[in-house]
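One structure below.
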């Protein structure tokens, strides 16, 4: 492994816009006074600036983490200049803000939506289907967050219940990331190739994740990707498919604390070191696996393993009753045989999601086959 470049933990990454101090929303307004009173008296904003002094036409207001600039509209003949402006206020109790109303309209036509500041995580209903995703076409890669390249490995996303991403960084060095967290039910990252240096809330100093290593990112743990090298590729799985990624500009990482048993939404952080793993018999005879430790850390919500042949070249035909059964071919090859479907040869980088009730097996398994096996729940009911 190439030696990572070590930078001070509090040294920010270079990125455009570092000198920006704040932001505001420009709201067209004419006349000023009725709208000014609406925002200050009804919604609790404060006046930070107002001019000209002799006949105010422009005002800057702040409140609820938002800065507004009320200024004359471009077309004074337009009677509703603010009709297309929508403001959203996140509240602890939206119904208590305005007598049960969840949307207000200012005199200038601005729509104000009152929403929950911390809404509950919404899980789409389970919609299982057979998925086979091949790693054959470079055009399948697209640029995502922090300049990383993403490939969707669960097309259809099981009705929005799960997302799978094959992520790569093709250049070595610092990653333009920031401290952030995710509102999720489940999320893990497996390092497939290369290395990446990461830091997590209350988990000590930054560390390097190498090929074969894995982390469980429990709900809302703050973390940051610092740098990468060696042609980094990781597999990331999450539930639900659509979830919020939120920046935390107030928490410095590392925090200076090390608390491996800290609870994050009922889960514990996991850092799995492949070099120290032991192998055990898999759920299919003639195969073995190394456990990532995610089952124990999630109280059985999910299981993550790397499985390989240990004398057999096929698994017996079987079906399961689990919520989610996923396999990613890390090395080698095999053939997926599913009842009612043509056999499919699988090679490095290919992905399979097998729905409940479908009789299937893996045959013609090469001696060097390794599968990333992810299931919800940890213990898979089979039949």
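Observations on the structure shown:
- Normalised Debye scattering of the range 249-331 at q = 0.13, 0.16, 0.25, 0.27 Å⁻¹ gives log10 I(q)/I(0) of -0.58, -0.80, -1.38, -1.44, counting only Cα atoms as equal scatterers and leaving out solvent.
- Residue-averaged [θ]222 nm for the chain, counting only DSSP H segments that reach four residues, each worth -39500 (n - 2.57): -500 deg cm²/dmol
- Antiparallel bridges, percent of DSSP beta bridges restricted to the range 131-275 (to nearest 5): 100 percent
- Averaging the Cα positions of each part gives two centres, and for the range 220-266 and the range 367-383 these lie 25 Å apart.
- Bridge type composition, the chain - antiparallel percent by DSSP, nearest 5: 90 percent
- Values of log10 I(q)/I(0) for the chain across q = 0.06, 0.10, 0.13 Å⁻¹ run -0.33, -0.77, -1.08, by the Debye formula with one identical scatterer at each alpha carbon and no solvent.
- Spin-label pair residue 248/residue 331, simplified geometry with 7 Å Cα→Cβ offset, distance in nm: 3.6 nm
- Cα-based shape type of the range 310-383, given that a ≥ b ≥ c are square roots of the gyration tensor eigenvalues and the cut on a/c is 1.5: prolate
- Here the calculated FRET efficiency for residue 339 and residue 115, from their Cβ-Cβ distance with R0 = 56 Å, stands at 0.75, rounded to the nearest 0.05.
- Annotation: Cα Rg of the range 131-275 relative to the compact-globule expectation 2.2 N^0.38 Å equals 1.02.
- Here the extension length gained between residue 299 and residue 313 equals 1.8 nm, from 0.36 nm per residue of separation less the Cα-Cα distance.
- Where a label projected 7 Å from the Cα of residue 24 along Cα→Cβ would reach, residues of the range 31-52 with amide N under 18 Å: 31-41, 44-52
No value in this document is a laboratory result; all are computed from the given coordinates. Note that the coordinates shown come from a computational prediction; the quantities given were computed from them, not determined experimentally. Cβ sites come from the backbone with ideal geometry, for glycine too, and all protein chains shown count toward neighbours.
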